[in-house]
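S.K.: The structure under discussion is supplied below as C-alpha cells; questions concerning it will follow.
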Amino acid sequence: MIDRARLLLVSLALLLLPAAARSATDPAVEKRIDELVAKMTLEEKIGQLNQYSSSFDLTGPPPPDDRAKARYDQIKKGLVGSMLNVTGAAATRAAQELAVKNSRLGIPLIFGYDVIHGYRTAFPIPLGETASWDVEAMERSARIAAIEASASGLHWTFAPMVDIARDARWGRIMEGAGEDPYLGALAAAARVRGFQGKDLAAVDTIAACAKHYAAYGFAEAGRDYNTVDISEQTLRNVVLPPFKAAVDAGVATLMNSFNEIGGTPATASVHLQREILKGEWGFDGFVVSDWGSIGELVPHGVARDAREAAKLAIAAGSDMDMESGAYVAELKGLVESGAVPVGAVDEAVRRVLRVKFRLGLFDDPYRYSDAEREKRLVGAPEHAAAARDVARKSIVLLKNEGSLLPLDKARGRIAVIGPLAADPDTPLGNWRGSAVKNTAVTLLDGIKAAVGPSVEVRYAEGAKLVTAETDMGRELTLNTDDRSGFAAAEQAAKGADVVVMALGENAFQAGEGRSQAEIGLKGVQADLLRAVRAVNPKIVLVLQNGRPLALQDIAPLAPAMVEAWHLGSQSGHAIADVLFGEHNPSGKLPVSFPRVVGQVPIYYNAKHTGRGDPASGGMVFWSHYTDVPNTPLFPFGHGLSYTRFEYSGLKLGAAEIAKGGKVPVEVTLKNAGSRAGTEVVQLYVRDLVGSVTRPVKELKGFQRVALAPGESRRVTFTLGTDDLAFYTAAGRWEAEPGEFEVFVGGSSAETQSARFVLR
Ligand code: NOJ
C-alpha cells in the first residue's frame, strides 16, 4: 500500500494513538498536559510544533530586519515552540524570557543544538570514538558533553547520529558508529544514556535525539541527501536496530531524514514514523523534522506546495517543523478546512509538551541558564583528561611492520612531517559544537611534550592541505600543485631515526554536504609521502581523517600506520601516548577500509550471493572484480596491538539447542607478547540457511579483555535465541531453526569457527 493511500486510515487512527502512547507515561504529567492542551488555542498548539534557528541577537534589542523581527514577535506570541542554535546562559535566558514573559500561556521554549562529539571540550568524532569498542567511554564522553552543554543553557542535542553507513564517500559517515548494526545499537544506547543521564530533569542532563530516521546513510553513490532505495529486510535488519536501541534506552526525541526511501521521503513516511516508531515501538517522545525537510517535500515531488507538504508531514507523524515554516503557515488552514484532524495536531503537541515536562522546564524554565555553572563547567580542565583517555582508546594501529612502533622517547631524532602535524584545528573535526577554532593539541606538540631532552624533534609542514578559509570555516580548496615545501621535508627526514608523517583530511572534508567521489589522500599529499620515503623509508603514517580512506597504493609506502581520526581537543597527546607506548593501542575499525573507491559500498556483513567464491563459477564467472580483490584493505574489527594475542580452543557448550535455549561459547585468549594489552574479542554468527538470504557473518558480541604478558584467559559468551533473530520472509522478528556457524577472533577476517543447530 502506498503512503498516500494509508493517509485516510491513519487520520482515523490518529485520535486513538495518544491514548495508546500514554500508557507508558507518567499519569501526573499526562494530566498536566491535558490541562494545558485544553487551554491552548489552535495557533498556540501549532506554535509548539514550530522550530526556528537563531538568526538574531537575542540579548540585544529587537532585530531590525523584517524576517528576524517577525520571528522575534512570533516567539512573544507563543508561536514558536523551540529554537536551535541559541547557546550560552545569557542568550538562552533572554530567549526564554521572550516566550515565558510575553506569551499568553508562558510555555517555555526548548533549546536544541548539535552537540555531536563534545560541546567545548571536543571528543573524537563519533566514528573514531566507536573504534574504542568501549561503550562506557562513549557514555562518559556524551555525559561530559551534556554537562557542558546544559551549563550553557541547552536542553537538547541533535545526537546521537545512529545512521549505519557502508559508503565512505558519504561525508557524514564521520558522525555515526560505522557499518555494523550490533555495535551501532550499543553505541546508540550508550550515547543516549550519557546525554540523558538517569533523570532528564536534572540540570546537567539534556534530551538526546536519535537521527536521521531513517536510512539517511544509504544515499545512492554516497552523495548526501540522495535517493535511498532499500528493502524492508535491509531497513529492519541493518538500519533500524540502532534506532530501536535508542528508543529502548529512553531517547526523548528522534529526527527524521532528508532522504526518500523507495519513493516516500522519510518526513512523509507513515510506515517509519507512525507504524514502526510510534506504533510497534511505542515511542512517546517527539519527532523533529530535519532542517527544512517538510518544505523539501515540494522539491521531492510528493507535495505541490507548502500546504500539501504540511499535511503529509503531520499525517505521517513529523511532530516538530525545523525551519521550514510550513506548519506555522499552513496547519491552521488545514485544520479549519477539515483536511487535517485537530487530533493530529493535539497528538504532536502532547509529545512536545511531554518532553518539556520531562526536562523540568515547567517547574523552572530558566533552570539550565545559569551563568555561574557555565563559567565553571564549560571546557572545565578535568574534562580534558577524559577527552585524552577516550581519544587514545579510539586510535587503531593499522599496521606495524618490523615493530617500528612504539618509538623511543628517551633518545634519537624524530622528523615530524606533513600538513596536519602542527594543525590545531583539524583534530576538532566537523560538527564541533562550541569548541574554539585552533585549540586542539597538535601532533607536533603532543610529541614534543612526550619526549625527553635528548630527543631531537624536527618539523616540516611539507605541503599545505588547505588553502582557503570561508565564513563556513575551512573549506575544501585543496593544494594540488604547491610542492615548494617538499625540499624542507626531505631535509628534515634525512638522517632521522624515524619519520612521523601526518596526512589525511582536514576537519571539514567530512561531514554534512561533504561527500567525495574520491576517498584517497587529496592534493599533493601522496607525492609528499613518496618524496620523503625516497630519503627515509622508516615512516610512521599517522592518519587524521573523518572517513575510511582508500589507501591501496599508499599503504605499502609506510611500514607503520596509525588511524587517528579527528580525535578532539587532546588529539596530539593521545597520539603521542600511542606512538611512544604509554598506551598500548586496542582500537578496532568500526567500518571497513576499502582498497579502492570502486569497492564501496563494502562491508563485512555482506551476503554470499549465488556465486560467492571461485568454486561456484570458475576463474571468471563468480562475483568479483578482475582488477582488485573482493576483500577490503583493512577489515571491520581490525586493529593491532604492541603485544600479540593468540586464540585457541574454541568450544561451544551445546551442539543443539531448542528455541529459548542458550549456547555457551568459550575461547582461550593468550597474551603471547611482552607487553600488557587489551584485546577486543569479537563473536560473529552465520545463519547458514534462512527464509531470506543471510549475511556471511554478523557481530553478536564482543568483550574488551586486558591481559598481562604471558597471561591466558578463558573468555566466555552466551548466545541466546534472541541473538539469532532477524526480520524473516514472514515479516516477523524471530530466529529460524537450522544450522549456525559461530566465529570468534580479533577481527571480522581472522576467526576460528564451530557450528551448532537450533531445533
Ligand atoms: C541538518 C542536519 O542534517 C542535522 O543533522 C542537524 O541536526 C540539523 N541540520 C540542525 O543543525
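Just so it is clear, none of the values below were taken in a lab; they were calculated from the coordinates. Note that the coordinates shown come from a computational prediction; the quantities given were computed from them, not determined experimentally. Heads up, the Cβs are rebuilt from the backbone with ideal geometry, glycines too, and the neighbour counts pull from every protein chain shown.
S.K.: Order these peptides, 407-416, 608-617, by their mean beta-carbon neighbour count within 10 angstrom, highest first.
M.R.: Working: 407-416: 18.7, 608-617: 12.9.
Descending mean neighbour count gives 407-416, 608-617.
S.K.: Defining a contact as two alpha carbons under 8 Å apart and six or more residues distant in sequence, what relative contact order in percent does the chain show?
M.R.: Relative contact order, the chain: 13 percent.
S.K.: Over segment 311-404, what is the relative contact order in whole percent, taking alpha-carbon pairs under 8 Å and six or more residues apart?
M.R.: In percent, rounded to a whole number, it is 23.
S.K.: Can you tell me which of 136-144, 592-600 comes out highest on packing, and rank the rest after it, using the mean Cβ neighbours within 10 Å? Walk me through the numbers before you get to the answer.
M.R.: Values: 136-144: 22.9, 592-600: 20.9.
For the peptides 136-144, 592-600, the packing ranking is 136-144, 592-600.
S.K.: Per 20 Å bin, what percent of the C-alpha pairs of the chain does each bin hold, from zero upward?
M.R.: Final binned percentages: 17, 48, 30, 5, 0.
S.K.: Same structure again: Counting other beta carbons within 10 Å of each Cβ, put Val441, Val335, Val342, Val499 in order, fewest first.
M.R.: By the 10 Å Cβ count, ascending: Val342, Val335, Val441, Val499.
S.K.: Still on this structure: Based on DSSP, what percent of beta bridges with both residues in the chain are antiparallel, to the nearest 5?
M.R.: Of the beta bridges lying entirely in the chain, close to 55 percent run antiparallel.
S.K.: Here's a follow-up. Using the Cα centre of segment 391-599 as origin and beta-carbon charges of +1 (Lys, Arg) and -1 (Asp, Glu), tell me which of Gly546, Phe580, Ala422 is placed farthest towards the positive end of the dipole.
M.R.: The Cα lying farthest towards the positive end belongs to Phe580.
S.K.: OK, next. Here is the link list: Lys448/Lys522; Lys311/Lys356; Lys69/Lys332. Which ones come out longer than 32 Å on Cα distance? Write out the running numbers ahead of the final one.
M.R.: Values: Lys448/Lys522 27 Å; Lys311/Lys356 25 Å; Lys69/Lys332 22 Å.
Pairs exceeding the cut-off: none.
S.K.: Calculate, in whole percent, how much of the Cα-Cα pair population of segment 643-758 lies beyond 22 Å.
M.R.: Counting every Cα pair in segment 643-758, those more than 22 Å apart make up 35 percent.
S.K.: Okay, moving on. Roughly how many debye, to the nearest 20, is the charge dipole of segment 112-176 about its Cα centre, given +1 on each Lys and Arg Cβ, -1 on each Asp and Glu Cβ, and no other charges?
M.R.: 120 debye
S.K.: Taking the Cβ of His383 as the centre, find all other residues whose Cβ is under 9 Å away and add up their charges (Lys, Arg: +1; Asp, Glu: -1).
M.R.: Result for the neighbourhood of His383: -1.
S.K.: Please tell me the relative contact order of segment 666-749 in percent, rounded to the nearest whole number, where contacts are Cα pairs under 8 Å and at least six residues apart.
M.R.: Answer for segment 666-749 is 41 percent.
S.K.: In Å and whole numbers, how far do the C-alpha atoms of segment 391-599 stretch along each principal axis, longest first?
M.R.: 45, 33, 33
S.K.: Cross-link list Lys45/Lys278; Lys198/Lys375; Lys39/Lys76; Lys39/Lys244; Lys437/Lys700; Lys198/Lys700: which exceed 29 angstrom alpha carbon to alpha carbon?
M.R.: Where the Cα-Cα span goes over 29 Å, the pairs concerned are Lys39/Lys244; Lys437/Lys700.
S.K.: Packing-wise, with mean Cβ within 10 Å as the measure, how do 173-186, 58-71 rank, highest first?
M.R.: Highest-to-lowest ranking by the protection proxy: 173-186, 58-71.
S.K.: Based on Cβ point charges of +1 for Lys and Arg and -1 for Asp and Glu, what charge dipole magnitude is obtained for the chain about its Cα centre, in debye rounded to the nearest 20? Don't jump to the answer; show the numbers that get you there.
M.R.: Details: 84 positive and 90 negative charges, 198 e Å.
Here the size comes out at about 940 debye.
S.K.: Tell me the Kirkwood hydrodynamic radius of segment 473-514 in angstroms, computed as one over the mean inverse distance between distinct C-alpha pairs.
M.R.: Final number for the Kirkwood radius of segment 473-514 is 13.0 Å.
S.K.: Ranked by Cβ crowding within 10 angstrom, fewest neighbours first, how are His583, His155 ordered?
M.R.: Values: His583 21, His155 29.
Listed from fewest to most nearby Cβ atoms, that is His583, His155.
S.K.: Please give the calculated 222 nm ellipticity per residue for the chain, where each DSSP H segment of at least 4 residues contributes -39500 (n - 2.57) and the sum is spread over every residue; nearest 500 deg cm²/dmol?
M.R.: Values: 21 runs with 213 residues, N = 759.
When only DSSP H runs of four or more count, the value is -8500 deg cm²/dmol.
S.K.: Quick check on segment 159-299: of the DSSP beta bridges with both residues there, what percent are antiparallel, nearest 5%?
M.R.: 20 percent
S.K.: Take the Cα of Ala672, step 7 Å along the line toward its Cβ, and report every residue of segment 713-741 whose backbone nitrogen sits under 19 Å from that point.
M.R.: 713-715
S.K.: Magnitude of the Cβ-charge dipole of segment 50-113, K/R +1 and D/E -1, about the Cα centre, nearest 20 debye? Walk me through the intermediate numbers first.
M.R.: Numbers: 8 positive and 5 negative charges, 43 e Å.
Using Cβ point charges on Lys, Arg, Asp and Glu, segment 50-113 gives about 200 debye.
S.K.: Along the positive direction of the dipole of segment 50-113 (beta-carbon charges: Lys, Arg +1; Asp, Glu -1; about the Cα centre), which of Gly112, Thr59, Val80 reaches farthest?
M.R.: Most positive-ward Cα: Val80.
S.K.: Taking the number of other C-beta atoms within 10 Å as the exposure measure, put Ile276, Ile46 in order starting with the fewest.
M.R.: With the fewest neighbours first, Ile276, Ile46 line up as Ile276, Ile46.
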